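Sending over a structure as structure tokens; questions will come in a sec.
Readers should treat all values here as calculations from the given coordinates under stated rules, not as data from a laboratory. Since the model is a prediction, treat every value here as computed from it, not as a measurement.
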Amino acid sequence: MLEASRLQSRWVARVPVLLWLLALSTMAQAEQAGDFTYHPEVGQVTLTGYTGTGGAVTIPASVTIIGNNAFESCTSLRSASFTGNAPLLSSYVFDYAASGFNVYYPK
């Protein structure tokens, strides 16, 4: 019984380290393609950032989610259009975009 308790306490002590390693490995998966930063996962691609100059932006069809604040404070962004199905929009995606900002969805 004492041995089982000792093994359990060793395992519990390692949980924070394992969680930290898991978080670190998922952060390292962010990819940059053109003006977009992506975070690909199994079954979905999250657009997490935009580094372009603004104007009209076309969101690639592979994007399934646009993450929180992805286009935050991009005051030169005039419009966004989607080439495929419209992705799920997280909070504050186009926060502080230019006045008169438009979103175009496919038919």
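Near the amide H of TYR50, under 5 Å away, which other amide H atoms are found, from residues 5 or more places off or on another chain, if H is placed in the peptide plane?
Hits under the 5 Å cutoff: THR37.
In addition: For the stretch 94-107, just list the computed ³J(HN,Hα) in residue order, Karplus coefficients 6.51, -1.76 and 1.60, θ = phi - 60°, integers in Hz, with x standing in for Gly and Pro.
Using θ = phi - 60°, the values come out as 10, 4, 6, 5, 4, 4, x, 4, 10, 10, 10, 9, x, 7 Hz.
While we're on this one: Could you tell me, in Å, what Rg and Dmax come out for the Cα atoms of the stretch 29-104?
Taking only Cα atoms of the stretch 29-104, I get Rg and Dmax of 11.4, 36 Å.
Taking H placed 1.01 Å from N in the peptide plane, check which residues at least 5 places from ILE59 or on another chain put their amide H under 5 Å from its amide H.
So ILE59 has HN proximity to SER81, PHE82, THR83.
In whole Hz and in residue order, list the ³J(HN,Hα) couplings for the stretch 46-56 that follow from phi through the Karplus curve 6.51 cos²θ - 1.76 cosθ + 1.60, θ = phi - 60°; x for Gly and Pro.
Ordered by residue, 3J(HN,Hα) equals 9, 7, 10, x, 9, 10, x, 8, x, x, 9 Hz.
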